[in-house]
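Here is the structure we will look at, set down as structure tokens.
None of the figures in this text is laboratory data; all of them are computed from the coordinates on show. Since we're looking at a predicted model, the values are computed, not measured. With ideal geometry, Cβ positions are generated from the backbone for all residues, glycine too; neighbour counts draw on all protein chains shown.
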Amino acid sequence: MLRIDLDRLRRAGRTRLDADIPPGDPFWGDLDVFPRAPLAVRLEAQQAGEDVVVRGEMRGTFTMACRRCLEPVAVKIEEEIGLLYREGEQEEDGEVLSLPEKGTELDLGDPIREHVLLAVPRFVNCREDCKGLCPQCGIDRNKGTCACTEEETDDRWAPLRRLKKDA
């Protein structure tokens, strides 16, 4: 799906790749991101001497769990993509990727997955004032209250709590 024919690219000098990756596609594999709709990937590959430069963008909406109450939250991403492929070994900093030694296709699946993982925020909140879940009974404090009481605190932390209150 996210493959570029290198022979065709060498002949034409430039090629376009447009793909919509649906939520149930094997592309997502074991990633911890859950697309709500197809991820739109729009790329253009260009031959630059012996190198291949791939530029474009991806857009999509993902479902993530609120870090406080675990309710689903929609997260939109719009990311620019820039990849450089060169013959030989991949550089340590990961900015230059290796062209395949044998074969006529360039698989962009792994770099696109990596871009998705970097674009999606690590944590989200459903709203700024989310109260989260009760640590004792698990009730969603945004939807109701419980009769649980705060646990006793460890007095060894008291000096730090006073510092926080003084600030």
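Some points to look at:
- Principal-axis tilt of helix 109-119 within the chain, Cα atoms, nearest 10 degrees: 30
- The chymotrypsin sites (Phe, Trp or Tyr not before Pro) of the stretch 52-150 that DSSP puts in a loop, and whose beta carbon has at most 12 other beta carbons within 10 Å, are Phe123.
- Placing dummy labels 7 Å off each Cα toward the beta-carbon, the span from Ala40 to Glu95 is 3.0 nm.
- Translational diffusion of the chain was estimated from the Stokes-Einstein equation, with Rh taken as the Kirkwood radius over Cα pairs; at 10 °C and 1.306 mPa s the coefficient is 81 µm²/s.
- Centre separation in Å (Cα based) which lies between the stretch 57-131 and the stretch 1-22: 19
- Within the stretch 9-57, the GluC sites (Glu not before Pro) that combine a DSSP coil assignment with at most 14 other C-beta atoms in a 10 angstrom radius are Glu50.
- Placing +1 on each Lys and Arg Cβ and -1 on each Asp and Glu Cβ, with no other charges, gives the stretch 3-119 a dipole about its Cα centre of roughly 620 debye.
- Fluctuation leader among Ile112, Ile139, Ile21 - the chain, Gaussian network, Cα springs under 10 angstrom: Ile139
- Full-extension gain in nm, Arg161 to Ala65, via 0.36 nm per residue minus C-alpha separation: 31.6 nm
- Gain on full extension, evaluated as 0.36 nm per residue between Thr104 and Thr153 minus their Cα-Cα distance, stands at 11.3 nm.
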